[in-house]
Amino acid sequence: MKLVYSDQYDLNLGNHVFPSVKYRLTKEELVRKGVISEEDILQPEPASDEDIARVHHQDYIEKLKRGTLSYEEILRMEVPYSPELVRAVWLAAGGSILAGRLAVKDRLAVNLSGGFHHAFPDHGEGFCVIHDVAVAIRRLQADAVIRTAMAVDCDVHQGNGTAFIFRDDPTVFTLSIHQERNYPYPKPPSNLDINLEDGTKDEEYLTALEEGLDKSFAQFKPDIIFYVAGADPYREDQLGGLSLSMEGLMERDRMVFKKARAKGIPCVVTLAGGYARRVEDTVQIHANTVRVAKDFAES
């Protein structure tokens, strides 16, 4: 199984609740434990401005590239602006495009970044600047690699940007399972939203996810799945209020891959959020997701 990664994925945030150093730490953990080798890692190219413009407004793209965002726009992103940030999110979008192509060929691929599901066409918010998954879907559709896609969003926060971007698009199905009483407010409707109560634990979560996946596949047969595998449903997450264990999160991953394989649908993994009190826990959860993905890819 190929893994898409760049050292420049780091969003250059410094001391921030979003530990963007997690990308490098996860890659190092996977190599150290022998889950992947350096030869398994592919370096992405940044998405082209044309690719970004398939989703985002031209004036927003220009503000990002020229550093002319207003103070209010930067506040809304909730991350400090820098040229390194812009390069990182363009690279993340390129990484999701590349992972999409790999998944179509090999059935499963991982982008060790991405899942920036709060980005809207005209602005960023919630630590998300560019919606890499939407950019990847639009590029793959434009190249006739796929016709339809499904976003399976298992971040603790609802994928509001995803829901908005694809709200009137019959070629893309959006599924989000998330904590109801948590960011964002409001929550534009996905094709299927699974709103969970505070403190939801493994068994209840997995039951709801399985029902949601089965319901989604009964309605829609995608050519590809983009799996937003957030680490933040973890019970020790600072920005989440669900109570999943690491084992429960691994079972979540297995369920998504198992359902995708049973339907013969290629699957792309993006990491999305993760804000555990110990960054080591976030890294372990992300590494576990890759480990489960590799087991499926090789079985």
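Structure values in brief
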| item | result |
| --- | --- |
| Some residue of the range 181-189 being within 18 Å of Val133 (Cβ to Cβ), in a strand (DSSP E or B), at pLDDT 95 or above and touching an Asp or Glu at 6+ places or on another chain (Cβ under 8 Å) | no |
| Filtered residue count, the range 77-115, keeping only those that are basic (Lys, Arg) and surrounded by fewer than 16 Cβ atoms within 10 Å (Cβ to Cβ) | 1 |
| Those helices (runs of 4 or more DSSP H) lying entirely in the range 1-104 with at least 1 residues within 23 Å of Phe120 (Cβ to Cβ), β-branched (Val, Ile, Thr) and in contact (Cβ under 8 Å) with a residue 12 or more places away in the chain | 49-52, 58-66 |
| Answer residue from the range 161-178, given it is within 14 Å of Phe220 (Cα to Cα) and of a type in the set (Val, Ile, Thr) and is surrounded by the fewest Cβ atoms within 10 Å (Cβ to Cβ) among those | Thr171 |
| Leading residue by the ranking (nearest to Ala119 (Cα to Cα)) among those in the range 220-253 that are of a type outside the set (A, V, I, L, M, F, W, C) and touching a Leu at 6+ places or on another chain (Cβ under 8 Å) | Gly230 |
| Matching entry among Ala272, Ala287 (being touching a strand residue (DSSP E or B) at 6+ places or on another chain (Cβ under 6 Å) and either over 21 Å from Ile137 (Cα atoms) or part of a loop (DSSP other than H, G, I, E, B) (or both)) | Ala272 |
| Residue that is farthest from the chain's Cα centre (by Cα) [pool: residues in the range 43-70 that are surrounded by 14 or more Cβ atoms within 10 Å (Cβ to Cβ) and under 18 Å from Asp10 (Cβ atoms)] | Leu64 |
| Tally, over the range 193-203, of residues that are assigned to a helix (DSSP H, G or I) and closer than 21 Å to Gln238 by Cα | 1 |
| Selection from the range 179-205 of residues that are charged (D, E, K, R) and surrounded by 18 or more Cβ atoms within 10 Å (Cβ to Cβ) | Lys187, Asp193, Asp202 |
| Flag if Val156 is outside any strand (DSSP E or B) and farther than 19 Å from Ala53 by Cβ | yes |
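The values are calculated or read from the model by the stated rules, or taken from the named source; none is laboratory data. If you're wondering where the values come from, they're calculated on a predicted model, not measured in any experiment. Note: ideal-geometry Cβ built from the backbone for every residue, glycine included; neighbour counts use all protein chains shown.
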